[in-house]
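Q: Here you go, one structure.
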């Protein structure tokens with residue numbers, strides 16, 4: 001609710017400054033919602049599926065604290081392949097955490113889900129070049145691993 | 001009809017409904033668990049999602065891609081590098097939306113390192129902070145934001161090296 005109040009305040013300020021731009025902003029907001037909501041619902045269905053069929057123990061066994069390095073690597077692999085829009089990443093990550101996944105693997109998942117996308121590879125190839133794309137994705141995976149490990153240690 | 005079938009929103013929604021029905025048909029209790037999870041989570045996050053979308057919408061309109069390119073310049077020099085590793089954290093959008101912007105940056109002479117730093121910093125996703133704090137608590141969110149800056153710097157330095165050798 002607080003966020004909605006802040007957002008309305010900003011919209012009001014924007015409207016006072018420039019009506020036309022604010023209309024554009026609202027249209028942009030609508031387009032974002034139109035893109036995001038169906039994907040979110042799909043991700044919520046996935047969460048429901050996990051809730052129905054995968055036990056807490058299983059999630060903990062794959063992504064729990066005692067899995068250490070392997071848990072982070074699994075989570076990074078899933079993050080790299082998954083077709084996640086960024087706004088869906090956090091609810092899913094939080095859901096996994098509530099069900100026994102440790103912070104390290106979740107950090108790995110969040111980093112790679114946002115920064116590495118098998119689906120965006122063709123576009124990245126085309127716009128930024130093959131070498132760049134391959135180097136960037138591999139380096140991202142590797143550095144994400146160390147940072148996720150670090151975050152897991154700090155957050156316990 | 002063809003257009004509708006190709007529509008992303010339609011695909012995701014029909015897939016969601018289809019899967020839920022299938023589960024329900026196989027085992028009603030499990031189906032209800034899915035429905036309950038979707039329902040509870042959806043209304044739990046709806047206000048945040050709307051607010052976040054407004055933030056991103058306003059940002060897109062008030063800070064045009066051309067402005068960003070102008071601010072960041074080539075992303076060279078210490079000041080440029082610091083900007084490239086931090087500023088994109090404020091931006092929304094998906095990889096699909098930022099690659100075209102990066103192409104422009106590159107054509108203006110930005111180095112591979114600067115581009116890689118930009119992408120990584122963009123992964124910071126500050127507009128989504130309300131969501132992140134709700135689902136993963138603020139220590140995680142703050143620590144991740146800090147890590148993103150380190151991540152962006154490391155990517156810039158390493159990519160510069162890697163691309164230099166291969167080019």
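Since every read-out is calculated from the coordinates, none of them should be taken as a lab result. Worth saying up front: this structure is predicted, and the values here are computed from it rather than measured. Positions of Cβ are backbone-derived with ideal geometry, glycine not excepted, and every protein chain shown enters the neighbour counts.
Q: Ignoring solvent entirely, what values of log10 I(q)/I(0) come out of the Debye formula for chain A at 0.12, 0.13, 0.17, 0.20 Å⁻¹ when each Cα is a single scatterer?
A: The Debye formula, applied to the Cα set alone, gives -0.67, -0.76, -1.02, -1.15.
Q: For an R0 of 22 angstrom, estimate the FRET efficiency from the Cβ-Cβ distance between residue A:121 and residue B:71 and round to the nearest 0.05.
A: Working: r = 28 Å, r/R0 = 1.29.
With R0 = 22 Å, the Cβ-Cβ based efficiency is 0.20.
Q: Grab the beta carbon distance between residue A:27 and residue A:70, set R0 = 45 Å, and tell me the FRET efficiency rounded to 0.05.
A: Details: r = 46 Å, r/R0 = 1.02.
Given R0 = 45 Å and the Cβ-Cβ separation, E is 0.45.
Q: On to the next question. How high is the relative contact order of segment A:1-91, given as a whole-number percent (alpha carbon pairs under 8 Å, six or more residues apart)? Don't skip to the end; give the middle numbers.
A: On the way: 22 pairs, mean separation 22.7, N = 91.
Relative contact order comes out at 25 percent.
Q: Using only Cα atoms, figure out Rg for chain B and give it as a multiple of 2.2 N^0.38 Å. Walk me through the numbers on the way to the answer.
A: On the way: Rg = 20.4 Å, N = 167, 2.2 N^0.38 = 15.4 Å.
Compared with the compact-globule rule of thumb, chain B sits at 1.32.
Q: Averaging the inverse of every distinct alpha carbon separation and then flipping it gives the Kirkwood radius. What is it for the protein assembly as shown, in angstrom units?
A: It works out to 20.5 Å.
Q: Where does segment A:1-53 land on the Kirkwood hydrodynamic radius, alpha-carbon pairs, in angstrom? Let's see the in-between values first.
A: Details: mean 1/r = 0.0757 Å⁻¹.
Hydrodynamic radius (Kirkwood, Cα pairs) of segment A:1-53 is 13.2 Å.
Q: Give me B:32, B:163 ranked fewest to most by other Cβ atoms within 10 Å of their Cβ, as a rough exposure proxy.
A: Numbers: B:32 15, B:163 19.
Fewest-to-most ranking of B:32, B:163: B:32, B:163.
Q: Next up: Nearest 10 degrees is fine. How inclined is helix B:77-86 to the longest principal axis of chain B, computing both from alpha carbons?
A: Helix B:77-86 sits roughly 10 degrees off the main axis of chain B.
Q: What angle, in degrees between 0 and 90 and rounded to the nearest 10, separates the Cα long axis of helix A:68-81 from the longest principal axis of the Cα atoms of chain A?
A: It works out to around 40 degrees.
Q: Right, here's the next one. Explain nothing, just the number: relative contact order of chain B, from Cα pairs under 8 Å at least 6 residues apart, as a whole percent.
A: 20
Q: Want the number for residue B:157 to residue B:28: 0.36 nm per residue separation, take away the alpha-carbon distance, what's left?
A: Separation in residues times 0.36 nm, less the Cα-Cα distance, equals 41.0 nm.
Q: Next question. Could you tell me the ratio Rg/Rh of segment B:19-104? Both radii from Cα atoms, Rh via Kirkwood. Before the final figure, lay out each step's value.
A: Details: Rg = 20.6 Å, Rh = 16.3 Å.
Result for segment B:19-104 is an Rg/Rh of 1.26.
Q: Please work out the ratio of the alpha-carbon Rg of segment B:100-164 to 2.2 N^0.38 Å and round it to two decimals. Write out the running numbers ahead of the final one.
A: On the way: Rg = 14.0 Å, N = 65, 2.2 N^0.38 = 10.7 Å.
My calculation over the Cα atoms of segment B:100-164 gives 1.30.
Q: If contacts are Cα pairs under 8 angstrom and at least 6 residues apart, what is the relative contact order of segment A:35-156 in percent? Can you show the working numbers first?
A: Values: 155 pairs, mean separation 35.1, N = 122.
Contact order relative to length: 29 percent.
Q: So, by mean Cβ neighbours within 10 angstrom, what's the order for A:15-22, B:154-161, B:52-59, B:19-26 with the highest one leading? Present the calculation step by step, with values, prior to reporting the outcome.
A: Details: A:15-22: 12.4, B:154-161: 19.2, B:52-59: 24.0, B:19-26: 14.5.
In decreasing order of mean packing, A:15-22, B:154-161, B:52-59, B:19-26 become B:52-59, B:154-161, B:19-26, A:15-22.
Q: Here's something else I'd like to know. Would you mind checking the tilt of helix B:112-122 against the longest principal axis of the Cα atoms of chain B, expressed as 0 to 90 degrees and rounded to 10?
A: In chain B, helix B:112-122 runs at an angle near 40 degrees to the longest axis.
Q: List residues of segment B:6-29, by number, whose backbone nitrogen lies under 15 Å from a label position 7 Å along Cα→C-beta of residue A:53.
A: Answer for segment B:6-29: B:16-29.
Q: Here is a further query. Mind checking the full-extension length gain between residue A:134 and residue A:18? Use 0.36 nm per residue of separation minus the Cα-Cα distance, one decimal, nm. The partial results should precede the final answer.
A: On the way: separation 116, 0.36 × 116 = 41.76 nm, distance 4.30 nm.
Using 0.36 nm per residue and subtracting the Cα-Cα distance, I get 37.5 nm.
Q: What's the exposure ranking of A:109, B:135, B:10, going from fewest to most Cβ atoms within 10 Å? Can you show the working numbers first?
A: Details: A:109 29, B:135 24, B:10 13.
Sorted ascending by nearby Cβ count, the order is B:10, B:135, A:109.
Q: Continuing with the same structure: Where a ≥ b ≥ c are the square roots of the eigenvalues of the C-alpha gyration tensor, would you call segment B:1-67 rounded, which needs a/c under 1.5, or, failing that, prolate if a/b is larger than b/c, or oblate? Don't skip to the answer; put the middle values down first.
A: On the way: a/c = 5.54, a/b = 1.75, b/c = 3.16.
Oblate.
Q: Now a separate question. What ranking do A:124, B:164, A:76 get, fewest neighbouring Cβ atoms within 10 angstrom at the top?
A: Details: A:124 22, B:164 11, A:76 25.
The most exposed by this proxy come first: B:164, A:124, A:76.
Q: Compute the length gained on full extension between residue B:39 and residue B:4: take 0.36 nm times their separation in residues and subtract their Cα-Cα distance, giving the result in nm to one decimal. Write down the numbers at each step before the final one.
A: Details: separation 35, 0.36 × 35 = 12.60 nm, distance 2.51 nm.
Difference between extended and current length: 10.1 nm.
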